[in-house]
Amino acid sequence: MGFDPRTRGRQPSRGVVTSNVEALLAENDTLRRQVRSLQLQLERLQLGHNGVTTGAGPLISAAEVERWGEAMARHPHWRHLRLGPPGGLRGVVESQRRRWWDPGLELEQELDRRSPGLGRALAAALRGPHSRGRWAVRAAFALYGQRAPEWLSEEPLRVVDELLRQQGQQQRQRRPGGTRTANHSANPSANQGGASESPRQAALRLLGLQGDVSVEAIKRAYRRLAKTHHPDLGGDPAAFQAVEAAYRLLLEPA
């Protein structure tokens with residue numbers, strides 16, 4: 001950017017200055033995210049070099065869990081999160097478990113099913129005394145699955161917002177006269193006919209399909225529902241996970 005002699009003695013207009021500042025702030029935010037992403041990649045490479053591996057899943061360290069907890073603790077209502085039971089962060093994990101294809105699995109087992117090694121890495125990183133931070137991280141993985149590291153690193157305050165919302169929902173359900181059926185639609189086996197349905201039939205119904213359908217039809221239905229329920233687009237993380245699980249099941253070889 002060179003010097004323009006025509007601007008000598010003149011003050012730049014307020015609109016130009018504001019525009020330049022906004023552009024610089026946007027560029028700075030982009031660079032900050034890129035630096036953070038590179039830092040995480042470097043840490044994972046260093047852990048892998050030291051012999052800490054988790055199969056095909058991403059690496060999670062105790063230091064990352066600590067940073068995530070500290071970032072979430074900056075939320076103004078952080079102290080309103082309770083561990084439970086009943087309710088609280090433990091209740092959030094339990095409520096998500098009821099939505100899995102096999103509710104008998106522990107969180108770590110469910111994560112390993114989705115991304116081999118992820119659950120074992122999380123269990124190792126969470127070793128230590130119980131704390132609000134560790135349980136918040138655990139609940140975030142129950143909500144967001146494999147994408148939890150991304151959410152915790154990039155949007156920790158929004159994660160707390162969602163945990164508070166889930167906690168409030170549990171409290172309303174436990175009040176006298178409260179309903180416990182509000183979220184059954186996210187669990188295919190909880191809907192009508194669930195007792196007699198096979199997992200494939202339940203998955204088809206969840207995607208709005210029935211009978212013999214082509215792979216392309218399954219993909220079209222998945223794309224349509226994913227756009228509706230994707231957390232990045234304001235959807236329900238639990239409903240998105242159920243749709244994703246149904247899609248994976250239907251594409252598995254018979």
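What follows draws every value from the coordinates through simple rules; no lab data is involved. The structure displayed is predicted, hence computed values, not measured ones. Because the Cβ atoms are built from the backbone with ideal geometry, glycine has one as well, and the counts that use them run over all protein chains shown.
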Inset, instruction - May I ask you to order 242-250, 212-220, 198-206, 132-140 by the average number of other C-beta atoms within 10 Å around their residues, highest value first? - result: 132-140, 242-250, 198-206, 212-220
Legend entry - Pairwise FRET efficiency - ARG127 versus ARG200, Cβ, R0 = 30 Å, nearest 0.05: 0.20
Inset, instruction - Starting from the Cα gyration tensor of the stretch 62-174, multiply each eigenvalue by 5, take the square root, and state the resulting semi-axes largest first in whole Å. - result: 20, 18, 12
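Can you bin the stretch 60-115 into rounded, prolate or oblate? Criterion: square roots of the alpha carbon gyration tensor eigenvalues sorted a ≥ b ≥ c, rounded for a/c under 1.5, prolate for a/b above b/c, oblate for the rest.
The shape class here is oblate.
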Inset, instruction - Treat the stretch 192-251 as a sphere of radius equal to its Kirkwood radius over Cα pairs and apply Stokes-Einstein at 20 °C in a medium of 1.002 mPa s; give the translational diffusion coefficient in µm²/s, rounded to a whole number. - result: 183 µm²/s
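With r defined as the distance between the Cβ atoms of ARG165 and ARG114 and R0 fixed at 22 Å, what FRET efficiency is calculated, to the nearest 0.05?
According to the calculation, E is roughly 0.45.
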